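The values are calculated or read from the model by the stated rules, or taken from the named source; none is laboratory data. Since the structure is predicted, the reported quantities are computational estimates derived from the model, not experimental observations. Here the Cβ positions follow ideal geometry from the backbone for every residue, glycine too, while neighbour counts run over all protein chains shown. Ligands, DNA and RNA are excluded from the accessible area calculation, which covers all protein heavy atoms including side chains. Shrake-Rupley method; radii C 1.70, N 1.55, O 1.52, S 1.80 Å.
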Amino acid sequence: MRKFLVVLDDSKECLNAIRYAALRAASTAGGVQVLSVIPAAEIQHGFGVAEVMRAEARDRIEAQFEVYAKWMRDRPGIEPELVVREGDPGGELLAQIADDADIGVVVLAAASGSGGPGPLITRLMRDLALLPCPLTIVPGDITRERLEEIT
């Protein structure tokens, strides 16, 4: 089954990428894989403290994922898969794509401000030749109605 890979983070644009991926997956009999990366810089303390921080980050990610997963199950009827990795977000995104041959499309949302499209899009554009699949960039400020029209 072809998977749409989308990144779960704290950006407001993330919702549009998740919506797009879920709606496209539903209309093409695909799946959705949600990747969340715990930045390694956040987990650089003593071993005991690092494990607690890692567990807290994972709990936060799983709670955020469940909000989106409930919508995906209820609305487009997709059962999403959560993958949590630790390290540099751009590097871990490329590693996940390399590790899972079923990923057919990467879906990211561009930041809607004037500061550029965002660090992941900037990184992937630099390494575009390394991608074995298409990259879909969803406008960060696109409306839900427009997303539904185009998917």
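Any residue that is out of contact with any Pro (no Cβ under 9 Å at 6 or more places or on another chain) and charged (D, E, K, R) - is there at least one of those in the stretch 40-52? Please lay out each step first, then the result.
Looking only at the stretch 40-52, we keep the residues that are out of contact with any Pro (no Cβ under 9 Å at 6 or more places or on another chain), and these are 40-52.
Right, trim to charged (D, E, K, R) and you get 42, 51.
Yes; the residues of the stretch 40-52 include at least one that is out of contact with any Pro (no Cβ under 9 Å at 6 or more places or on another chain) and charged (D, E, K, R).
Before we move on, is Asp127 over 18 Å from Gly31 (Cα atoms), in contact with a Leu (Cβ under 7 Å, 6 or more places away or on another chain) and surrounded by fewer than 18 Cβ atoms within 10 Å (Cβ to Cβ)?
yes
What are the residue pairs meeting all of these: first residue in the stretch 50-70, first residue farther than 15 Å from Leu35 by Cα, second residue outside any helix (DSSP H, G or I) and among the aliphatic types (A, V, I, L, M), Cβ atoms under 6 Å, and 6 or more apart or on different chains?
Close Cβ pairs (under 6 Å, with a partner that is outside any helix (DSSP H, G or I) and among the aliphatic types (A, V, I, L, M)) amount to Ala50/Ile43; Met53/Ile43; Arg54/Ile43.
Going through Pro80, Pro132 one at a time, which residue ends up being under 17 Å from Leu5 (Cα atoms), loosely packed, with under 15 Cβ neighbours inside 10 Å and not aromatic (Phe, Trp, Tyr)?
From the options Pro80, Pro132, the qualifying one is Pro132.
Would you please name the residue that is least open to solvent (accessible area, probe 1.4 Å), looking only at residues in the stretch 1-23 that are in a loop (DSSP other than H, G, I, E, B) and among the basic types (Lys, Arg)? Give the steps one after another, and end with the answer.
Taking the stretch 1-23 as the starting set, the residues that turn out to be in a loop (DSSP other than H, G, I, E, B) are 1-2, 8-13.
Next, only the ones that are among the basic types (Lys, Arg) stay: 2, 12.
Numbers: Arg2: 98, Lys12: 151 Å².
Filtering first and then ranking leaves Arg2.
With respect to Arg60, is the statement that it is open to solvent by 30 Å² or more (accessible area, probe 1.4 Å), out of contact with any helix residue (DSSP H, G or I) (no Cβ under 6 Å at 6 or more places or on another chain) and basic (Lys, Arg) true? Let's see the steps before the verdict.
Values: open to solvent by 30 Å² or more (accessible area, probe 1.4 Å): yes; out of contact with any helix residue (DSSP H, G or I) (no Cβ under 6 Å at 6 or more places or on another chain): yes; basic (Lys, Arg): yes.
Judged against the criteria, Arg60 is a match.
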